[in-house]
Amino acid sequence: MRTILRHWVLCFSIVACGWHISFANAAGALPEYTVKAGYLYNFAMLTEWPANSLGASLELCYLGHEDLGAALDALQDKVVNNRRINIRRLEALGDAKECQVLFVSEVGHSDVSKLMREIAGRPVLTVTDDENVARAGMAIFLRPESKRLVFEINNNVAKSVNLNISARLLRLARGGGSE
């Protein structure tokens, strides 16, 4: 556990120092969805859920690109806070009720509205890379900036569903994790 913690402290220190991971098509750069999968893992590591909301596994779900699914497969059975990650591609919006982390990309406006009704009040850490979806009430918005990936946190959204995002993660967010 200490080794894992040290590893992530180092990763976040690197990010904090400005050595952001580039997802540009330069030689040696990581593919965009691999970087996003890494961010999702870190978001899960640095978020606390209500004790009664978690089962034996941490359900990390996604709607959108198959490329993301392929990148997320590398996280299958990794451990986050003593729970194994289970990766699920959502086939139906109603299935989102079972998720603890939900990444939403490229869905229609009506689907986003329905999805938000389905998970309303549930402790689901919502993440998107789509600005329009972010406006619908997502907790975290991943976006490109100067050939790197940055994130914004709407901490009010997280708090409203009883999620506690660590102060360290809030400090790393663009805008410091808005209230």
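Values computed for the structure shown
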{"read-out": "For the range 22-178: relative contact order, % (alpha-carbon pairs under 8 angstrom, 6 or more apart)", "value": "21 percent"}
{"read-out": "Convex hull of Cα atoms in the range 64-141, direction-averaged projection (nm²)", "value": "5.1 nm²"}
{"read-out": "Summed side-chain charge close to Ser166 - residues other than Ser166 whose Cβ falls under 14 Å, Lys, Arg +1, Asp, Glu -1", "value": "+2"}
{"read-out": "Rg/Rg_ref, the range 29-179, where Rg_ref = 2.2 N^0.38 Å and atoms are Cα", "value": "0.95"}
{"read-out": "Net charge of neighbours whose Cβ lies under 10 Å from the Cβ of Asp95, counting Lys and Arg as +1 and Asp and Glu as -1", "value": "-1"}
{"read-out": "Charged-residue dipole, Cβ positions (Lys, Arg, Asp, Glu), the range 22-178 about Cα centre, Debye nearest 20", "value": "580 debye"}
{"read-out": "Label-point separation, Arg174 to Asp111 (7 Å along Cα→Cβ), nm", "value": "2.4 nm"}
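Quick note: the coordinates plus some simple rules give every number you see, no bench work behind them. All values reported here derive from a predicted model rather than from experimental measurement. Neighbour counts run over all protein chains shown; Cβ positions are idealised from the backbone, glycine included.
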